[in-house]
1. Using a Förster radius of 45 Å, what is the FRET efficiency between A:Gln136 and B:Ser354 based on their Cβ-Cβ separation? Nearest 0.05, please.
2. Taking the Cα centre of the protein assembly as shown as origin and charging only Cβ (+1 Lys, Arg; -1 Asp, Glu), how large is the dipole, in debye to the nearest 20?
3. Normalise the Debye intensity by I(0) for the range A:1-214, one equal point scatterer per Cα, no solvent, then take log10 at q = 0.08, 0.11 Å⁻¹ and round to two decimals.
4. Can you compute the modelled spin-label distance between B:Ser276 and B:Lys176, with each label point 7 Å from Cα toward Cβ, in nm?
5. Taking +1 at the Cβ of each Lys and Arg and -1 at the Cβ of each Asp and Glu, which of A:Gly373, A:Pro265, A:Ala386 sits farthest along the dipole of the protein assembly as shown towards its positive end, judged by Cα position relative to the Cα centre?
6. Of B:Gly94, B:Gly363, B:Ala43, whose Cα points farthest to the positive end of the dipole of chain B (charges on the beta-carbon: +1 Lys, Arg; -1 Asp, Glu; origin at the Cα centre)?
7. By the gyration tensor of its Cα atoms, with a ≥ b ≥ c the square roots of the eigenvalues, what is the shape of chain B: rounded for a/c under 1.5, prolate for a/b over b/c, or oblate?
8. On a 25 Å Cα-Cα criterion, which of the cross-link pairs A:Lys420/B:Lys373; A:Lys453/B:Lys152; A:Lys426/B:Lys16; A:Lys420/B:Lys152; A:Lys155/A:Lys321 come out too long?
Amino acid sequence: MTSAFLGELRRILGAAAVLQEPLDLLTYECDGLLHLRGTPAAVVLPGSTAEVQAVVRLCARNGVPFVPRGHGTGLSGGAVPVSGSVVIALSRFNRVLDVDIPNQRATVQPGVTNLEITRAVAPFGYYYAPDPSSQQVCSIGGNVAENSGGAHCLKYGFTVHHVLEVEAVLPDGTIVHLGGPLADTPGPDLLGLVVCSEGTLAVVTSVTVRILRRPETVQTLLAAFDTIDAGGAVVSDLIGGGIIPAAVEMMDALAIRAVEAAVHPGFPPADTVLIVELDGPATEVRALFEIVEETCRARGATTVEVAQSDERRARIWRGRKAAFAAMGRVSPNYYVQDGVVPRTRLPEVLNRIRLLEARSGLRIGNVFHAGDGNLHPLICYDERVAGQADKAAEVAAEILSYCLDAGGSLTGEHGIGIDKACSMPKMFTDDDLALMQRVRAAFDPQGLCNPDKVFPTPRLCGEVPGPYRRHPVEQAGLAERF
Amino acid sequence: MLIEPETAEAVAAALKQASDARQSVAIRGASTKRDWGRNTAEADVTLGTRRLHRVLAHPHGDLTTTVEAGAPLGDVNRALAGHGQWLPLDPPFGDRATIGGILATNDSGPLRHRYGTPRDQVIGVRLATTDGTLAKAGGQVVKNVAGYDLSKLVCGSFGALAVIVSATFKLAPVWKASKTIVATPAGAEVLGRLVGAMMGSQLEPVAFEVRADAADYETRTMALLVRFASLPSVVDAQIDHARALLGASDTPVQVHEDDGERALWFQHGERLWTASGAIVRASWLPARIADVLAEIARAHPHGRLEMIGRAAVGTGLIRIDADPSTQAAVIERLRRSTTVGNVVLMRGPAELKSLVDVWGPSGDRQALLESVKRAFDPHGMLNAGRGPL
């Protein structure tokens, strides 16, 4: 990067909003997936859409790659800078611009966190539905890039179902509005394409989301089972029987032990626990909840606890949402995988994981969104033991192959990023990927917007992906992972 | 020339052949929307999808299905009903309209209130492009963020990007029971207040419709239709709640069930399309419905205008029964209005389509749309000119 280019960045943004000292750049080397790193040439902190536009235009003119970044909580290396790039950090875009209760929507800047949207509308009895486990810290801009879901996406859908409009800066610096304040913008669904494009098509600078009225009633149940199959059978019975709960989560013995040690949610010491939440009109929740309870008992639940207070329900959810972070209590290191299988193939795939666990000698905890078949195996290892880190990576890759064998997906919510770019050919043919690349080139002919993500490249795929490593701040017990 | 391939591979081959010969191609499903879009010259090749009509998979435990594009929605739902499931879409001509046509136009009906449009329900797609390749995007599972979701992109494309050969959808369980409450408020202001009250309530209807026509506007008869579906006891409780809410301020309400309810919704879905006149789609902010009704009434004070819309989504269809120049004037007036937007002429006589821009302006997206079109169809031969790109 030339000094003239840096000078131009400073002229656009002011010197304070351009970082280039090695120590300042450290923060931006990785996202939530700490083993994938890259050092940018500079980090910019624009404060307005016009500034983002000016930076992008400058990059486009000079052929400099740029990487949009929210709060860096992603788990696939989607915000890792390529060398020589400019990171466009949107942390100063942190204002709620408009709350429109009568029309049930809110417009926010991309650096606003997921939970801040709900906080802004909660006094009116509304909430923003997608609830990724990291919702306290992740940005809505990142949610748009990744199409984030969360425990409640089973009933309420993903980010793509809740975004009405985005303002975005295209890789040539053009500002576009996709979707719109009114329904049915004519033409192909460009908004639906940009959501889930992992920041490779545009830099989103404003997001309008739909907000929902709080449901009349919420009821949560915690059931314990002797086998993971019994828990899985309950899920199949419910969904096959036409009941779509707001959320259905499962955790196995190792994960239960870990969260009990970490946040004491009061889970029974069982092989499997199932959390089922129903919400909606009181009469409906009451009627369906009886069926859920009966189904749990019919499938041999050893205990069934219905949360009797909001506080108890919050504690149950805290147990579930802290599961990744809690693995540190039972293992020095762990590797989080994110794969999807068709719901009916869950028992079969879980059995294969159990066999793999026995064969590999590494313990595997299982936490998953059972309602939609989204698995999060947590592969435990000790990096001090020679070869274990590599072994964990191999195990993680093998689990992904089980998901694809069953007709599933490489990722349900963490994204492809850099982490899984080299696995894309296992799920998609060359023709599939070529068409997606054509779409990318239609937005970004120079290939400058968040390069090396989503698609396999020879440079990228010569390297072997590494396992998860704890951040020094985490090791010191000062922060935890969501 | 009409081609009706029986396989996805044959669709791709036919597209390539036409593209190599620089022949224009029009895609045809069940022809239920033949009179939508811009006037176009007849294409060199018409590619009919009616032989691609199979349900390829219905793993009912997974609540998903994969179907070929030429399958009529009615046939698909009859096949899914065996396991108590369905694809909850109710666009116009919903029995005959094909999956491919419904996706390409992203068309929907009253159930959009609860289930969204086709783009909200599609989870994967297989496309044939003009270079003769078959490419898929999305997947077979309900939760998946691997790669670009081109299944969303083709929604609303009007067949101008690629031929959809098959698609995978998430499904819903068939309702155990349903009932509908119809309220006939005295005037637009009362109706507007009731829409606000319904939206602010914790009721969870599957459909929430507003209906009015210009003549009725004067005589102050317009209607809200609210449909509830769930277990029988739940439906009754919701109806009771809705009756109290809508019946406030002396608004007459009536509850429809069983055959009467089914007939009500059938007629509601058909009434615009079986009558004469141009049909325009327009959108608005839901809280402005009273202003919207007033605007529509003013747009053509002496003629017949009829409107049916999704009250909480803020979108609807307006039928304009008049001569083409009057229809054109109404459309231009609606386009100048600040209360409605995205005004698109859906169905209309060729003369009207020569008088007004069918799709309206595409704002700051125009260059991007053209670029995306070129990426898929560099020679501009696929459904050219008819749709919004």
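1. Calculated value: 0.20.
2. Once rounded to the nearest 20, the dipole reads 740 debye.
3. Calculated log10 I(q)/I(0) at the listed q: -0.27, -0.50.
4. Placing both labels 7 Å beyond Cα along the Cβ direction yields 4.9 nm.
5. Result: A:Ala386.
6. The listed residue farthest towards the positive side: B:Gly363.
7. Note, shape of chain B comes out oblate.
8. Over 25 Å Cα-Cα: A:Lys420/B:Lys373; A:Lys426/B:Lys16.
Every number in this text was worked out from the coordinates using simple rules, so none of it is lab data. This one's a predicted model, so the numbers in the text were calculated from it and none came from an experiment. Note that each Cβ is placed from the backbone with ideal geometry, even for glycine, and that neighbours are counted across all protein chains shown.
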